[in-house]
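Reviewing the structure listed below.
The values are calculated or read from the model by the stated rules, or taken from the named source; none is laboratory data. The structure presented is a predicted model; accordingly, all values stated were derived computationally and were not measured. Cβ: placed from backbone, ideal geometry, glycine included. Neighbour counts: every protein chain shown.
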Amino acid sequence: MSTASEISNSAPTDNSQLARVKLKKNEERRLKSGHLWVYSNEIDTKVTPLNDFEPGQHVVVEDSKGKAIGVAYINPQSLIAARLMSRDGNCTISESLLTHRLKIALSLREKCYEGGCYRWVYGDSDGLPGLVVDRFGEYVVVQLNTAGMDCLKEQVVAAITKVISPKGILFRNDSAARTQEGLPLSVDVAAGEWPETLSLVENGVNFVVPANEGQKTGWFYDHRENRQYLSTWVKGKRVLDVFSYVGGWGIQAAMAGAEEVLCVDASELALNFVEKNAALNGVVEKVGTMQGNAFDCLKQLVEEKEKFDVIVIDPPAFIKRKKDFKNGSTAYRKLNELAMRLLARDGLLVSASCSMHLPNDALLDVVRGAGRHVDRQVQIVHQGGQGADHPVHPSIAETQYLKAIFARVLPSF
């Protein structure tokens, strides 16, 4: 995980003063194969009791024979008790290390995207577990989702400032992950000035988003490539964007030549920004809004016998925990069925899911089952995932979460 250049940049030191966390016999195998997480039940608590550690404390992780596996931070209150930051037992978790990792992460985004709008840091995949950074040009939104990263917040701000010198940094520390880590929730300006709105450009389309009150970090960069792909299907079409938020799918569809777009969302604030973004791009006459619960709105549109050529359903995660799988799957199926009833003959359905606990095969089965239930023939024409600014860690399945199925929906054969 660490490189020669990283070690030289992070001022290696003797970590003999760091506390040790010893694993049970053979529990190091997963870590040695590439994983970064240490679960609480993998730790030999008779030798190294978890209660001896403070949340966020830096430790050396050892196998059952006392051989160092790497340096991590620990949280005895979490199921994921420790997260490796380096496989070099002498590496120091410091501002220097953070700066180096930020530069490596930045180099990937700059290779893939122009304009400074992207997810700059995607946690474990960028060697910075617990850290999420979204960049909006000269402004940066940061999430510190673990106790270990929360303890490094001053170093995070210093490292970000050193790498790009942004005008403002916002800590958007209000995610559910922080609750699981025993951390308080807050939204605070960490450095510089902070505007009321943030601007970004995606696929050549301009957007403004709420800087403090938006969903998550204010924007969902992960669907960038999927929205770009959709643009080839919408010219002259009537498009329905469900769970639209500020119009990421819908406004881009209008700019790609859609004849009419209807954006559906429960949030009045989000729909106000849909209207702002329509005006910003000169497509006000094409874009309408509908506020309400998505299921209720779709049922109303069915009752009114409305038809759309293209429908995008991009809901929040219905399956946040494994135990939610049954109820969440049912919700996805009902949503897809309603959407299919609204599709015109030979329409296109984009069925998306950000639920990590819903595998791609399961979403395919949802789409298949919905088609059979409403007597439609479904053809899968494309399957999309998350963009390059959300790189997948090959040893951590949880880093691959986003799915977008593009399905042609026809009358039953």
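Observations, loosely collected:
- Any hit, region 34-42, residues being under 22 Å from residue 178 (Cα atoms), out of contact with any helix residue (DSSP H, G or I) (no Cβ under 7 Å at 6 or more places or on another chain), surrounded by fewer than 20 Cβ atoms within 10 Å (Cβ to Cβ) and modelled with pLDDT under 95: no
- Number of positions in region 157-175 that are within 15 Å of residue 146 (Cβ to Cβ) and in a loop (DSSP other than H, G, I, E, B): 2
- Looking across region 143-188, the residues that are closer than 22 Å to residue 54 by Cβ, within 18 Å of the chain's Cα centre (by Cα) and of a type in the set (A, V, I, L, M, F, W, C) come down to 144, 149, 171, 177.
- Residue in region 384-400 that is over 27 Å from the mean Cα position of the chain (by Cα) and either surrounded by fewer than 16 Cβ atoms within 10 Å (Cβ to Cβ) or more than 30 Å from residue 108 (Cα to Cα) (or both) present: no
- Any hit, region 365-374, residues being under 17 Å from the mean Cα position of the chain (by Cα), surrounded by fewer than 17 Cβ atoms within 10 Å (Cβ to Cβ) and not assigned by TED's automatic domain parsing to the domain that holds residue 129: no
- Residue that is nearest to residue 147 (Cα to Cα), among those in region 178-194 that are surrounded by 17 or more Cβ atoms within 10 Å (Cβ to Cβ) and of a type in the set (A, V, I, L, M): 183
- Only residues that are within 18 Å of the chain's Cα centre (by Cα) and part of a loop (DSSP other than H, G, I, E, B) were counted across region 102-119, and they come to 2.
- Residue within region 403-412 that is within 16 Å of the chain's Cα centre (by Cα), assigned to a strand (DSSP E or B), under 23 Å from residue 122 (Cβ atoms) and touching a residue at least 40 places away in the same chain (Cβ under 8 Å) present: yes
- Residue in region 277-300 that is free of Cβ contacts under 8 Å to residues at least 12 places away in the same chain and of a type in the set (Asp, Glu) present: yes
- Qualifying residue in region 327-337 (condition: outside the structural domain of residue 79 (by TED's automatic domain parsing), part of a loop (DSSP other than H, G, I, E, B) and buried (at least 16 other Cβ atoms within 10 Å of the Cβ)): no
- Out of 92, 99, sole residue that is surrounded by fewer than 21 Cβ atoms within 10 Å (Cβ to Cβ), β-branched (Val, Ile, Thr) and either assigned to a loop (DSSP other than H, G, I, E, B) or free of Cβ contacts under 8 Å to residues at least 60 places away in the same chain (or both): 92
- Across region 198-218, the number of residues qualifying as touching a Gly at 6+ places or on another chain (Cβ under 9 Å) and either assigned to a helix (DSSP H, G or I) or closer than 17 Å to residue 168 by Cα (or both) comes to 7.
- Note on region 330-368: residues that are without any contact (Cβ under 8 Å) to a residue 40 or more places away in the chain, over 20 Å from residue 244 (Cβ atoms) and among the hydrophobic types (A, V, I, L, M, F, W, C) total 2.
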